[in-house]
Amino acid sequence: MPNMAQWRNMGAAGLQLWHDAERAGKSNTTIVVPDLAAERMRLAEAGLDLGAIATGEFGAVAQISDDEGNRLTLAEPPKGFVG
């Protein structure tokens, strides 16, 4: 995808970094995880509220942002995806 650098097959995870001029000085990062529901529970136990999980053919994603506008997206690939 344009403006994205991606690393896959890092064990059970992956990482995406995005270039977005409108968000200059802020970050927008995606971390690919094998089990989004488990990560949501782990973050909740640490006092962090991961937003609603959106699902579709792409798998599942949820986001969390800080007060400075930095956004972290956790993404779970669709079942059976081989990257």
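For the range 43-83, list the strands (runs of 3 or more DSSP E) that sit wholly inside it and hold at least 3 residues that are within 15 Å of Thr30 (Cβ to Cβ); which are they?
Strands (runs of 3 or more DSSP E) meeting the threshold: 59-65, 71-76.
Tell me, which residue of the range 22-66 that is of a type in the set (Ser, Thr, Tyr) and under 22 Å from Ala5 (Cβ atoms) is modelled with the lowest pLDDT?
Ranking the qualifying residues of the range 22-66, first place goes to Ser27.
Give Glu68, Glu22, Glu45 a once-over and let me know the one that is at negative phi, exposed (fewer than 13 other Cβ atoms within 10 Å of the Cβ) and touching a Lys or Arg at 6+ places or on another chain (Cβ under 8 Å).
Answer to the selection: Glu68.
Determine the pairs where a residue that is polar (S, T, N, Q), located within the range 14-33, has a partner that is assigned to a loop (DSSP other than H, G, I, E, B) and loosely packed, with under 13 Cβ neighbours inside 10 Å with Cβ atoms under 7 Å apart, the partner being 6 or more residues away or on another chain.
If the second residue must be assigned to a loop (DSSP other than H, G, I, E, B) and loosely packed, with under 13 Cβ neighbours inside 10 Å, the pairs left are Asn28/Asp20.
Determine which member of the set Glu39, Glu22 is in contact with a strand residue (DSSP E or B) (Cβ under 9 Å, 6 or more places away or on another chain) and acidic (Asp, Glu).
Exactly one residue qualifies, and that residue is Glu39.
Mind counting the residues in the range 50-80 that are touching a strand residue (DSSP E or B) at 6+ places or on another chain (Cβ under 7 Å) and not aliphatic (A, V, I, L, M)?
9
The values are calculated or read from the model by the stated rules, or taken from the named source; none is laboratory data. The shown structure was predicted, so the numbers you read here are calculated from the model rather than taken from an experiment. Using ideal geometry, Cβ is built from the backbone for each residue, glycine included, and neighbour counts are taken over all protein chains shown.
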